[in-house]
Amino acid sequence: MNTGEAVVFWICAILAVAGAVGMVISRKAVHSALWIALTMINLAILYVANSAPFLGMVQIVVYTGAVMMLFLFVLMVVGVDSSDSLIETIKGQRIPALLLTLGLGILLVWGIGSSLTGAPDAGLEQANTIDGGNVQGIAHLLFTSYLIPFEATSALLITAAMGAMVLAHRERWVVKPTQKMLSIARFRTGGHPGNLPNPGIYARHNAVDTPALLPDGTPLPESIPAPVRARADIAPVDHVDLHDVRAISEGHSK
């Protein structure tokens with residue numbers, strides 16, 4: 001290993017471990033997913049540095065770009081937060097989870113021990129030359145020795161996608177309101193749900209302290225800016241203006 005490979009290894013290894021630790025200790029599910037994405041990106045860099053570009057690209061495109069983004073999308077849609085994690089929705093899952101965790105630890109220790117005590121490997125460069133390249137070698141292993149684990153993994157990914165769709169689905173107990181229904185409900189609440197008219201509308205001038213007049217001639221104090229209203233600087237409306245507006249609204253000429 002030359003100096004460049006050593007530098008890349010130590011930087012990516014530290015970041016990958018930091019992402020894994022951050023995923024475990026993070027209190028929010030979205031933050032944990034982002035920490036996992038950091039770990040996956042650094043693992044992809046390590047794959048490329050070790051003459052496995054296909055694995056590195058798959059790690060970025062499939063896992064970081066697709067699977068992790070799917071997890072983030074589901075978390076944001078469902079709205080999982082730290083309070084939801086305190087509620088055990090599925091009863092009796094702790095004992096199987098502990099057993100599965102123990103089994104995974106045993107597999108990891110057994111795999112690492114076998115790699116350290118067994119015969120030395122031929123090396124990645126020699127393994128790639130057997131089938132003509134890294135991609136061909138991975139394809140040969142996937143569709144021969146590891147065909148059943150490969151198909152099982154694909155089935156698990158499909159199941160995870162279906163589970164995400166089920167979690168994100170919401171049953172509607174009432175009819176979805178239309179745009180017309182929403183508009184009617186909005187204006188029935190009272191007040192001024194629409195945009196307020198600017199000061200000076202239907203008035204003799206555009207002074208900021210002159211309230212707007214409604215079509216029936218009623219002054220609208222809400223059209224005056226709040227600082228002006230707080231200082232009580234609202235200008236009185238001329239009764240001549242009110243009479244003219246009322247006459248026009250009733251269809252009489254001035």
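The values are calculated or read from the model by the stated rules, or taken from the named source; none is laboratory data. What you see is a predicted model; the values in this text were computed from it and never measured. Neighbour counts run over all protein chains shown; Cβ positions are idealised from the backbone, glycine included.
For segment 12-51, which residues satisfy the criterion of being part of a helix (DSSP H, G or I) and of a type in the set (S, T, N, Q)?
Pass one, segment 12-51, residues part of a helix (DSSP H, G or I): 12-25, 29-49.
Matches in segment 12-51: S32, T39, N42.
Of all residues in segment 19-33, which are surrounded by fewer than 17 Cβ atoms within 10 Å (Cβ to Cβ) and of a type outside the set (G, A, S)? Before you say what the answer is, go through the steps one by one.
The initial filter retains those residues of segment 19-33 that are surrounded by fewer than 17 Cβ atoms within 10 Å (Cβ to Cβ), namely 20-22, 24-28, 30-31.
Within segment 19-33, V21, V24, I25, R27, K28, V30, H31 qualify.
Filter segment 54-86 down to residues that are of a type in the set (S, T, N, Q) and either modelled with pLDDT of 80 or more or crowded, with 17+ Cβ neighbours inside 10 Å (or both), then give me how many there are. Working first, answer last.
To start, the set of residues in segment 54-86 that are of a type in the set (S, T, N, Q) comprises 59, 64, 82-83, 85.
From the residues that got through so far, the ones that are either modelled with pLDDT of 80 or more or crowded, with 17+ Cβ neighbours inside 10 Å (or both) too are 59, 64.
Total satisfying the criteria: 2.
Say we look at segment 87-116 and pick out the residues that are modelled with pLDDT under 75 and assigned to a helix (DSSP H, G or I); which of these is surrounded by the fewest Cβ atoms within 10 Å (Cβ to Cβ)?
L116
Please state which one of L214, L242, L167 is more than 50 Å from the chain's Cα centre (by Cα), modelled with pLDDT under 75 and surrounded by 10 or more Cβ atoms within 10 Å (Cβ to Cβ).
L242
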